[in-house]
Amino acid sequence: MKPSMGAASVSEAAGERGRDILAPDRRSGYAMMLPAVIVILGVTIFPILYSMWMSLNDVRITLNGFQLSFIGLANYSTLVHSGMFWHSVWFTTYYAVVTVVVELVLGMLIALAIHRVQRLKNLSLVVMLIPWSLITVVSAQMWAYIYNGTYGVLNGILQGLGIIQAPVTWLGSESGAIICTMVADIWKTTPFVVIILLGGLQMISQEYFEAAVMDGANRWQVFWKVTFPLMRSSIALAALFRILQAFGVFDLPFVLTGGGPGTATTSLAILGERSLFQNLHFGVGAAIAVSTVLVVLILSLIFLSAFRGMAEEGA
Amino acid sequence: MVESRWQKVLGYVVLVLFLVVILLPFYWMVITSFKPTAEVAAYPPTAWPQRFTWEHYVNAFTVHHFGIYIRNSIVVTCLTTVIVVILSSMAGFALARLPVRGKTPTLVFLLIISMFPAIAIVTPLYMFMRGLGWLNTYQALIIPYTAFNLPFAIWIMRNYFLQVPAALLEAAKMDGASIWQTFWRIYVPLTTPGLFTAAVFTFVASWTEFFMALVFNSSDTMRTIPVGIALFSSEFNVPYGDIFAGSIVSILPIVVLVILFRRWIVSGLTAGAVKG
């Protein structure tokens with residue numbers, strides 16, 4: 001803190017020269033940003049660059065630590081020829097697309113239905129925020145218990161209603177495990193989407209709706225010509241958050257299904273974690289990490305440009 | 001008018017249904033944590049415990065080590081939150097009110113950073129930490145959590161500082177106050193809602209983080225709550241009653257935070273949409 005204590009007087013002196021009157025303030029500014037910048041660079045940028053370098057190396061664990069030897073793209077070639085990798089890419093993409101679309105559509109319908117409701121506001125806000133703030137691992141254990149193939153309450157309810165004859169091992173089949181994981185995600189995240197969309201809805205002036213109705217627009221037209229274009233930044237925000245989060249999905253399948261049965265719910269993050277900490281393939285693990293980042297970046301760019309086009313057409 | 005009343009009724013019905021769907025799994029978890037062990041695995045399941053018991057809550061802290069997990073989570077989360085609030089308010093102030101160069105690139109860069117999945121950095125961090133002997137220490141989590149929460153916190157703080165008139169800075173300067181004094185005595189007190197918003201988001205993110213906690217701190221004495229709860233599954237007979245008792249105790253602080261700070265959380269969640 002000391003160097004900048006005399007900032008005001010230095011600033012006057014600099015003012016006489018006229019040219020760089022702002023220099024002292026600027027120096028204080030950099031000093032204030034420095035700690036945050038160091039932490040962010042040290043913990044994110046440097047490791048990402050190092051990941052890229054590692055993915056081009058054969059990484060061996062020796063008694064003295066890690067030993068790297070350059071092997072070019074061999075790790076990537078291992079990945080490209082691995083069925084597991086492509087399966088993870090497929091599952092992660094499928095999972096992200098389905099959950100994000102369902103959460104957005106469901107979230108939009110719920111937000112539209114409830115945004116005029118005046119009572120219960122505090123209560124519903126708290127209830128909707130709780131799944132958002134819930135430890136994912138806790139919700140995964142909760143759903144594992146609900147889905148349990150021997151004594152789960154889902155079986156209890158369905159059998160009580162006569163829909164199934166005997167308890168079903170929901171997490172035992174590939175499609176069952178995938179759907180169950182998606183349902184748990186949708187349950188936890190739809191409230192978050194509703195909150196963001198409600199925020200967007202409440203910012204639209206009531207006059208727009210009234211004007212549209214006066215001009216004889218029906219509900220469908222009001223939604224597509226007024227509500228949707230005015231909400232595009234909220235929708236884009238919710239979607240982008242969710243896509244990025246869904247692509248890093250780890251906690252939920254790790255606890256709920258362990259990535260199984262077989263490899264049915266092995267996401268890219270789970271595959272990466274396995275190759276690092278179970279098989280100790282650090283080079284391949286780094287290649288998976290780098291590929292995941294690339295996929296995420298490409299997808300968010302595609303999404304953002306596609307969404308901009310769609311929103312402009314609607315408007 | 002008839003249509004608007006119909007809409008109102010529909011709104012209430014949807015809202016109540018939605019809240020019930022959100023709450024039902026919680027009901028199930030809470031009820032299960034009070035059932036005797038035999039009833040936890042009974043089929044068909046009972047909607048209400050035949051006998052209430054605290055045994056799972058006792059087990060969570062005696063048979064299992066929830067006390068240790070909670071202590072670890074509190075240390076990591078509180079220190080991370082304090083550091084993030086201090087660093088992000090300094091950086092946010094500089095980006096909002098001081099003539100630093102490259103503001104826009106810095107802000108965009110921060111946004112991009114905050115989007116990276118943790119898997120991208122976990123391997124090299126693991127190697128560095130192993131080299132430093134930092135695995136299974138508090139700093140192994142506090143430092144990465146700080147880095148991951150800073151970008152969003154800086155954005156929030158910058159937005160709040162922008163709402164405080166720039167004229168205050170000039171006025172303080174006239175009176176001979178340094179930049180640091182102005183920041184600390186004038187701007188920080190005027191942006192306490194921003195500090196709370198940044199703090200709550202950091203707190204929730206650190207309290208719930210699982211991936212890095214699992215990779216860096218998996219020894220039984222250094223586990224945080226999510227790791228402790230997740231690693232129950234590896235046991236053959238999953239003790240759901242004990243898991244849920246521990247879970248409920250460990251989500252209580254967050255529930256209190258959500259009830260107290262709900263408005264600011266919502267303003268934080270929608271901030272991007274409003275400003276963007």
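Taken together, the values in this text are just the output of simple stated rules run on the coordinates, not laboratory data. Computed from a predicted model, the values in this text were never measured in an experiment. Glycine also receives a Cβ, built like all others from the backbone with ideal geometry; neighbour counts cover every protein chain displayed.
For chain A, set up a GNM with springs between Cα atoms under 10 Å and report which of A:GLY107, A:GLY156, A:GLY42 has the largest fluctuation.
In the Gaussian network model the winner is A:GLY42.
Under 1.5 on a/c is rounded, so check that first for segment A:76-314, then, if it is not, pick prolate when a/b is larger than b/c and oblate when it is not; a ≥ b ≥ c are the square roots of the alpha carbon gyration tensor eigenvalues.
Oblate.
Please work out the C-alpha center-to-center distance from segment B:106-155 to segment B:1-80 and express it in whole Å.
Here the answer is 32 Å between Cα centres.
Given A:GLY149, A:GLY160, A:TRP170, which one lies farthest toward the positive end of the charge dipole of segment A:84-208, if we put +1 on the Cβ of every Lys and Arg and -1 on the Cβ of every Asp and Glu?
A:GLY160
Whole percent per 10 Å bin, from 0 to the bin with the longest distance: what is P(r) over all C-alpha pairs of segment B:201-245?
26, 49, 23, 2
Give the long-range amide H neighbours of B:ASN217: residues separated by 5 or more places, or on another chain, with amide H under 5 Å away, using H modelled in the peptide plane at 1.01 Å from N.
Sorted by chain and number, the residues that satisfy this are B:ASN136.
Please identify, among A:ASP215, A:ASP58, A:ASP185, the residue showing maximal mean-square fluctuation in a Gaussian network model of chain A using a 10 angstrom Cα cutoff.
A:ASP215
Report ³J(HN,Hα) in whole Hz for each residue of segment B:245-250, in order, from the Karplus equation J = 6.51 cos²θ - 1.76 cosθ + 1.60 where θ = phi - 60°; Gly and Pro get x.
Residue by residue, segment B:245-250 yields 4, x, 4, 5, 4, 7 Hz.
Looking only at trypsin sites (Lys or Arg not before Pro) in DSSP loops with at most 15 other Cβ atoms within 10 Å, what is the longest site-free stretch of chain A?
Within chain A, the longest run free of exposed trypsin sites (Lys or Arg not before Pro) spans A:120-315.
Can you classify the protein assembly as shown as rounded, prolate or oblate using the Cα gyration tensor, where a ≥ b ≥ c are the square roots of its eigenvalues, rounded means a/c under 1.5, and otherwise it's prolate if a/b beats b/c and oblate if not?
oblate
Please turn the phi angles of segment A:159-174 into ³J(HN,Hα) values with the Karplus equation 6.51 cos²θ - 1.76 cosθ + 1.60 (θ = phi - 60°), one per residue in order, whole Hz, x for glycine and proline.
Coupling constants for segment A:159-174: 6, x, 7, x, 6, 10, 8, 9, x, 10, 7, 4, 7, x, 9, 4 Hz.
Amide H to amide H, which residues 5 or more places from A:ASN57 or on other chains are under 5 Å from it, using H placed in the peptide plane?
A:ILE71
Along the charge dipole of chain A, Cβ charges K/R +1 and D/E -1, which of A:ILE21, A:CYS180, A:PRO191 sits furthest on the positive end?
A:ILE21
So what are the ³J(HN,Hα) numbers for segment B:112-119, from phi and the Karplus equation (6.51, -1.76, 1.60; θ = phi - 60°), rounded to whole Hz, Gly and Pro as x?
Along segment B:112-119, the couplings run 5, 4, 5, 8, 5, x, 4, 4 Hz.
Sequence gap at least 6, Cα distance under 8 Å: using those rules, report the relative contact order of segment B:57-147 to the nearest whole percent.
Across segment B:57-147, relative contact order equals 49 percent.
Have a look at B:THR37, B:LEU98, A:ALA306 and report the one farthest towards the positive end of the charge dipole of the protein assembly as shown, computed about the Cα centre with Cβ charges (Lys/Arg +1, Asp/Glu -1).
B:LEU98
For a test of the definition: using alpha carbon positions, the gyration tensor, and the 1.5 limit on a/c, classify chain B as rounded, prolate or oblate.
oblate
Of all the stretches in chain B, which is the longest one without any exposed loop site, taking trypsin sites (Lys or Arg not before Pro) in a DSSP loop (any state but H, G, I, E, B) with at most 14 other Cβ atoms within 10 Å?
B:102-276
Just from its helices, what would the mean residue ellipticity at 222 nm be for chain B, if runs of 4 or more DSSP H residues each count -39500 (n - 2.57) and the sum is divided by every residue, rounded to the nearest 500 deg cm²/dmol?
After summing the helix terms and dividing by residue count, I get -24000 deg cm²/dmol.
Roughly how many Å is it from the Cα centre of segment A:42-83 to that of segment B:161-195, as a whole number?
Between the Cα centres of segment A:42-83 and segment B:161-195 lies a distance of 47 Å.
How about segment B:14-119: which chymotrypsin sites (Phe, Trp or Tyr not before Pro) there are in a DSSP loop, with at most 13 other Cβ atoms within 10 Å of their Cβ?
Qualifying residues, ordered by number: B:PHE52, B:TRP54.
Could you state the number of Å between the C-alpha centres of segment B:199-241 and segment A:233-267?
18 Å
Where nothing but the Cβ of Lys and Arg (+1) and of Asp and Glu (-1) is charged, how large is the charge dipole of chain A around its Cα centre, in debye to the nearest 20?
Around 300 debye, computed over chain A.
So, with +1 on the Cβ of K and R and -1 on the Cβ of D and E, and no other charges, what is the size of the charge dipole of the protein assembly as shown about its Cα centre, to the nearest 20 debye?
With only Lys, Arg, Asp and Glu charged at Cβ, the dipole is about 980 debye.
At what distance in nm do the modelled label points of B:LEU10 and A:VAL101 sit from each other, each positioned 7 Å from its Cα along Cα→Cβ?
Modelled inter-label distance: 2.4 nm.
Taking amide H positions as placed 1.01 Å from N in the peptide plane, with prolines and chain starts having none, which residues 5 or more places from A:GLY260, or on another chain, fall under 5 Å of its amide H?
Hits under the 5 Å cutoff: A:THR265.
Determine the dipole magnitude for chain B: charges of +1 sit on the beta-carbon of Lys and Arg, -1 on that of Asp and Glu, nothing else is charged, the reference point is the Cα centre, and the result goes in debye to the nearest 20.
800 debye
Note down the relative contact order for segment B:65-275 as a percent, whole number, built from C-alpha pairs under 8 angstrom at least six residues apart.
Taking the mean separation of contacting Cα pairs over the length of segment B:65-275, I get 33 percent.
Please report how many Lys pairs in the protein assembly as shown have alpha carbons closer than 21 angstrom, counting only residues at least 8 apart along the chain or sitting on separate chains.
Lysine pairs, 8 or more places apart or on different chains, close enough: 4.
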